[in-house]
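Following: one structure in structure tokens, then a few remarks.
Every number in this text was worked out from the coordinates using simple rules, so none of it is lab data. Remember, it's a predicted structure, so these values are computed and weren't measured experimentally. No Cβ is skipped: glycine too gets one built from the backbone with ideal geometry, and neighbour counts run over all protein chains shown.
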Amino acid sequence: MRGGPDRRLCSRVCSYDRAGEGHSDKISHLQTPEEVVDDLRQLLEAEKASGPYIPAGASLGGIYVRSFAERYPDLTAGIVFVDSSHEEQDSHLVAISPPLAQSYATQDDRFDRDEFLQAAGQLKPGEHLKWHLDVPLIVPERRRQAWY
């Protein structure tokens, strides 16, 4: 490996499909962020993956990553958000476009609005996320070429 030591000697990368997604077993309900974090913690323990961890989450996974870090701050060495959702996302969508918010909250009428919003970790209108963890935070971005 050029450019530095072989990282396989000092780190391990794990990925998984949460319950009901990809190759994981199907489930009968939408999981809340708390249930997803419980499953992830059990999986890490079963795999004997020693922490601390740098969890990475894309889209809804960003809410799960933040929930994991909030519940297990001593096991969190950093966080990576990739095009992450936010717990106040629905409230902002409602303010911008109620029809768009309804489409998001029901996933185009596939789910009950309240059940989906709870499973997506969305805060109730007027509530605000109060969270702080003193670890590195990485938010990759894709630079777009200027149109001019």
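Put a plus charge on the Cβ of each Lys and Arg, a minus charge on the Cβ of each Asp and Glu, and nothing anywhere else: the dipole of the stretch 30-138 about its Cα centre is then about 240 debye.
From helices alone, the chain scores -10000 deg cm²/dmol at 222 nm; the rule is -39500 (n - 2.57) for each run of n ≥ 4 DSSP H residues, then divide by the residue total. Candidates GLN145, GLY22, ALA101 compared by Cα position along the dipole of the chain: farthest toward the positive end lies GLN145, with charges placed on Cβ. Using C-alpha pairs under 8 Å with a sequence gap of at least 6, the mean separation divided by the residue count of the chain gives a relative contact order of 21 percent. Which one, ILE27, ILE54, ILE63, has the greatest fluctuation when you compute a Gaussian network model over the chain with C-alpha springs under 10 angstrom? It is ILE27. Largest mean-square fluctuation among GLN31, GLN102, GLN118, in a Gaussian network model of the chain whose springs join Cα atoms under 10 Å apart, belongs to GLN102. Taking label positions 7 Å along the Cα-Cβ direction at both ALA46 and GLU88, the computed distance is 3.7 nm, reported to one decimal.
Look at the Cα gyration tensor of the stretch 29-148: its axes a ≥ b ≥ c give a/c of at least 1.5 with a/b at or below b/c, and that counts as oblate.
Highest mobility in the GNM of the chain, judged by mean-square fluctuation with C-alpha springs under 10 Å and restricted to TYR53, TYR16, TYR64, is found for TYR16. Roughly how many whole Å is it from the C-alpha centroid of the stretch 51-86 to that of the stretch 91-148? What the calculation gives is 16 Å, centre to centre.
Shape class of the stretch 13-79 from the alpha-carbon gyration tensor: prolate, with a/c at 1.5 or above and a/b greater than b/c.
Between ASP109 and THR32, full extension at 0.36 nm per residue minus the direct alpha carbon distance yields a gain of 25.8 nm.
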